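The values are calculated or read from the model by the stated rules, or taken from the named source; none is laboratory data. In this text the structure is predicted, and so the values were computed from the model without any measurement. Positions of Cβ are backbone-derived with ideal geometry, glycine not excepted, and every protein chain shown enters the neighbour counts.
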Amino acid sequence: MGTEGDHRDDGDEPPRPFPEVFGPAAARRISAVLAVGASVGAVAAAAVAIAALARGRPAPAAPLLLVLGGPLLAAGQLWAIGLMRARQPRRTAGRRASVDLASLAPWSRVTRTWMFGDLRASLVAVVIACASGGWLLAVTTFPALSSGGPAEARPGCPYALSNHGAVTCVTRRAYERAGAAEQRFAAGILLGFYSAHAGAVLGTFDRFRTGGRDAARPLDRR
C-alpha cells in the first residue's frame, strides 16, 4: 500500500515524464522551446506590469506585446496540462491509480510533484513567488478600474471611461491611470500563467531537478 504523501498503490505503473503521444526526444525539444518562451514571457509581462505601475500611464507598444503572447500562453497551458496528466499514476489492470485526496492540498509534496515534477524546492519557491506577484499586480488594479476602462472620445468628453455601457467623463490623468491599470491587470495575469508554465516545464530537465542527473525518480522510468 502507498505510504502517507504517496499517490501510488503497489501495482500502479509509475507516471511518465511526458505525454505518451510524444517520444522523449520530441517532447524534450517542445519542453525546451516552451521553457524559454514562458521564461521570456514572464519577464516581459513583469516589465509591462511594473512599468504601468511606476509610470501611471499605458505603454503604446504593450498591447502588441500582450497580443503576441496569446499563442504562447495557449501552447504553454496545453503542454503544462499534458505534463501534469503524464505525472499522474496510470491505470493498471482495468482500474484507476488510487489517490489520497487528503494528500492533494496545495502545500503537499504530491501536489508539488504533480505540478512541477521534481523541480528543486528553491525554484518552486521562485515560481510560486512570481505567480503570486502576478496575481497581486492584477487584483490591485480593481480600485483604478472602478469606473471602467478607457473608451473612445465623445463630443465634449475627450477622456471617457466605460463600465458595462455606463460612460464617465474624467480627466486626462484619470484616463491614463485607467489605461495603465488595464495593462497591469492583463500583464499580471500573464505573469502568473507564464510562471506556472515555466515551473511545470523546467521540472522535466535533469539540471533543475532535485538531485540533478543522479536522482533516481519515478519520472525517469520509461
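If you go through the range 172-186 one residue at a time, do you hit one that is at pLDDT 85 or above, loosely packed, with under 15 Cβ neighbours inside 10 Å and out of contact with any Cys (no Cβ under 8 Å at 6 or more places or on another chain)? Steps first, answer last, please.
Start the filter on the range 172-186 by keeping residues that are at pLDDT 85 or above, which leaves 172-186.
Cutting the leftovers down to loosely packed, with under 15 Cβ neighbours inside 10 Å gives us 172-173.
Now narrow it down to the ones that are out of contact with any Cys (no Cβ under 8 Å at 6 or more places or on another chain): 172-173.
Scanning the range 172-186 turns up at least one residue that is at pLDDT 85 or above, loosely packed, with under 15 Cβ neighbours inside 10 Å and out of contact with any Cys (no Cβ under 8 Å at 6 or more places or on another chain).
Taking the range 165-175, which residues are more than 17 Å from Thr141 (Cα to Cα) and not hydroxyl-bearing (Ser, Thr, Tyr)? Even if it seems obvious, please write down each step before you answer.
Let us first name the residues in the range 165-175 that are more than 17 Å from Thr141 (Cα to Cα), namely 165-172.
Result: Gly165, Ala166, Val167, Cys169, Val170, Arg172.
If we scan the range 124-141, do we find a residue that is modelled with pLDDT of 85 or more, assigned to a helix (DSSP H, G or I) and farther than 26 Å from Gln183 by Cβ? Step through it out loud before you land on a result.
Initially, the range 124-141 is screened for residues modelled with pLDDT of 85 or more, giving 124-141.
If we keep only those that are assigned to a helix (DSSP H, G or I) as well, we get 124-139.
From what is left, the residues that are farther than 26 Å from Gln183 by Cβ are 124-125.
Yes, that holds for at least one residue.
Exactly one condition in (1) in a helix (DSSP H, G or I); (2) buried (at least 20 other Cβ atoms within 10 Å of the Cβ); (3) out of contact with any Lys or Arg (no Cβ under 6 Å at 6 or more places or on another chain) is not met by Leu161; state its number.
Only one criterion in (1) in a helix (DSSP H, G or I); (2) buried (at least 20 other Cβ atoms within 10 Å of the Cβ); (3) out of contact with any Lys or Arg (no Cβ under 6 Å at 6 or more places or on another chain) is unmet by Leu161, namely (1).
Take Val40 and decide whether it is modelled with pLDDT of 90 or more, farther than 30 Å from Thr141 by Cβ and not in a loop (DSSP other than H, G, I, E, B). Before you say what the answer is, go through the steps one by one.
Numbers: modelled with pLDDT of 90 or more: yes; farther than 30 Å from Thr141 by Cβ: no; not in a loop (DSSP other than H, G, I, E, B): yes.
Criteria not met by Val40.
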